[in-house]
1. Looking at region 62-70, is at least one residue over 19 Å from Asp115 (Cβ atoms), touching a residue at least 12 places away in the same chain (Cβ under 8 Å), in contact with a helix residue (DSSP H, G or I) (Cβ under 9 Å, 6 or more places away or on another chain) and hydrophobic (A, V, I, L, M, F, W, C)?
2. Any residue that is surrounded by 14 or more Cβ atoms within 10 Å (Cβ to Cβ), in contact with a strand residue (DSSP E or B) (Cβ under 8 Å, 6 or more places away or on another chain) and in a strand (DSSP E or B) - is there at least one of those in region 41-56?
3. Looking only at region 57-85, how many residues end up being among the hydrophobic types (A, V, I, L, M, F, W, C), over 13 Å from the mean Cα position of the chain (by Cα) and away from the ligand (no atom under 15 Å from the Cβ)?
4. If you scan region 12-61, which residues turn out to be among the β-branched types (Val, Ile, Thr) and out of contact with any helix residue (DSSP H, G or I) (no Cβ under 8 Å at 6 or more places or on another chain)?
5. If you take the residues of region 111-140 that are in contact (Cβ under 8 Å) with a residue 40 or more places away in the chain and part of a helix (DSSP H, G or I), which of them is farthest from the ligand (Cβ to nearest atom)?
6. Looking at (1) over 18 Å from Val14 (Cα atoms); (2) within 12 Å of the chain's Cα centre (by Cα), find the lone condition where Leu53 falls short.
7. So if I check each of Val95, Val41, which one is under 15 Å from Lys10 (Cα atoms) and either more than 11 Å from the ligand (Cβ to nearest atom) or touching a His at 6+ places or on another chain (Cβ under 8 Å) (or both)?
8. Could you check, for region 94-104, whether at least one of its residues is buried (at least 18 other Cβ atoms within 10 Å of the Cβ), closer than 26 Å to Asp131 by Cβ, at pLDDT 95 or above and of a type in the set (Val, Ile, Thr)?
Amino acid sequence: LREKTLVLAKPDAVQRRLVGNIIQRFERRGFRLVAMKLLQVDQGLVDRHYQELRHKPFYPALVTYMTSGPVVAMVWEGYNVVRSTRAMVGDTDSVGTIRGDLSVHISRNVVHASDSVETAQREIGFWFQRDELVDWESRD
Ligand code: CMP
């Protein structure tokens, strides 16, 4: 129930003013925003975040893209949030998903979302300090 996932609004999302649209989708779904910040990423953080892609031919282009402007990093919490978020993000060639609705490029694909609970824990640690996560519940 306390599952968390990392979502990044990548530089193209910030540049194209899509951040609000992306956040709204997670809010409407009912997930809880527990951390958020805008930051200019350096290569060290890209290397850690994408360590398993370092030997791919497109890696230099990925670094250039991810450092081309600020990123909005978020942690969302909720039931089954990792799997739900991956479904909401979708593929560029899908419809009714974040990527399908907002992107036509496999590389400039607007968002990142963790692919498993374990990956999410590791990735949240790359992007946030422990005290940047806020534990809250709506009381209504
Ligand atoms: P994502 O699936 O979140 O994680 C891997 C990222 O690498 C992917 O998003 C794209 O941003 C990038 N990527 C994947 N394939 C390519 C490619 N062929 N060329 C450039 N970038 C890519």
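The values are calculated or read from the model by the stated rules, or taken from the named source; none is laboratory data. If you're wondering where the values come from, they're calculated on a predicted model, not measured in any experiment. Reconstructed Cβ throughout: ideal geometry from the backbone, glycine too, with neighbour counts over all protein chains shown.
1. There is at least one residue in region 62-70 that is over 19 Å from Asp115 (Cβ atoms), touching a residue at least 12 places away in the same chain (Cβ under 8 Å), in contact with a helix residue (DSSP H, G or I) (Cβ under 9 Å, 6 or more places away or on another chain) and hydrophobic (A, V, I, L, M, F, W, C).
2. No, that holds for no residue.
3. Counting residues in region 57-85 that are among the hydrophobic types (A, V, I, L, M, F, W, C), over 13 Å from the mean Cα position of the chain (by Cα) and away from the ligand (no atom under 15 Å from the Cβ) gives 0.
4. Val14, Ile23, Val34
5. Among them, the one singled out is Glu132.
6. So Leu53 meets the others, but not (2).
7. Sole residue among the options that is under 15 Å from Lys10 (Cα atoms) and either more than 11 Å from the ligand (Cβ to nearest atom) or touching a His at 6+ places or on another chain (Cβ under 8 Å) (or both): Val41.
8. Checking region 94-104: not a single residue is buried (at least 18 other Cβ atoms within 10 Å of the Cβ), closer than 26 Å to Asp131 by Cβ, at pLDDT 95 or above and of a type in the set (Val, Ile, Thr).
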